[in-house]
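Working notes for the structure below.
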Amino acid sequence: MIFAEMEYSEEYWEFHEELKQYLSQYFDNVEHGLQSDSYIWILIEKNKITLDTFSSMKHQVKSAKPGAHVQQVISVLQKKYKINVYATPDLEGHEDFL
């Protein structure tokens, strides 16, 4: 599910390192990669929150389920960046209603 999307003026590949460094200040378990898309995984307890550009040209905040872990990441991002939080999470193309 997609919970929010960031706004920034740079291209996502130019912004990737800054975002990774910022999140690493707040979270202990941050993994990342940059190839044709950018992804950052934050592991909080047994939950994985993903920030990636797989379905957008800007980083989107994603998780398999809603919860405090998602809000924790969004709150950290809002301290420094413009972020559009969706009133209702959007499903990704591979997610279905089953």
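Points to keep in mind about this one:
- Filtering region 26-54 to residues that are over 12 Å from the mean Cα position of the chain (by Cα), under 20 Å from Trp13 (Cα atoms) and outside any strand (DSSP E or B) leaves Gln35, Ser36, Asp37.
- Complete set of residues in region 20-46 that are in contact with a Leu (Cβ under 7 Å, 6 or more places away or on another chain) and closer than 18 Å to Lys79 by Cβ: Val30, Ile40, Ile42
- Matching residues in region 38-53 - criterion: being crowded, with 16+ Cβ neighbours inside 10 Å and either polar (S, T, N, Q) or modelled with pLDDT under 95 (or both): Ser38, Asn47, Thr50, Thr53
- Meets criteria (surrounded by 15 or more Cβ atoms within 10 Å (Cβ to Cβ), in a loop (DSSP other than H, G, I, E, B), out of contact with any Cys (no Cβ under 6 Å at 6 or more places or on another chain) and in contact (Cβ under 8 Å) with a residue 24 or more places away in the chain) for Lys58: yes
- Against the numbered list (1) part of a strand (DSSP E or B); (2) within 15 Å of Met1 (Cα to Cα); (3) at pLDDT 95 or above; (4) not hydroxyl-bearing (Ser, Thr, Tyr), Val73 comes up short only at (1).
- Residue count for region 9-21 satisfying the condition of being more than 12 Å from Thr53 (Cα to Cα), surrounded by fewer than 18 Cβ atoms within 10 Å (Cβ to Cβ) and of a type outside the set (D, E, K, R): 2.
- Within region 38-55, residues that are in contact (Cβ under 8 Å) with a residue 40 or more places away in the chain and closer than 16 Å to His16 by Cα have Cβ atoms under 6 Å from residues that are hydroxyl-bearing (Ser, Thr, Tyr) and in a strand (DSSP E or B) in these pairs: Thr53/Ser38, counting only partners at least 6 apart in sequence or on another chain.
The values are calculated or read from the model by the stated rules, or taken from the named source; none is laboratory data. All values reported here derive from a predicted model rather than from experimental measurement. Every residue, glycine as well, gets a Cβ built from its backbone with ideal geometry; the counts of neighbours run over all protein chains shown.
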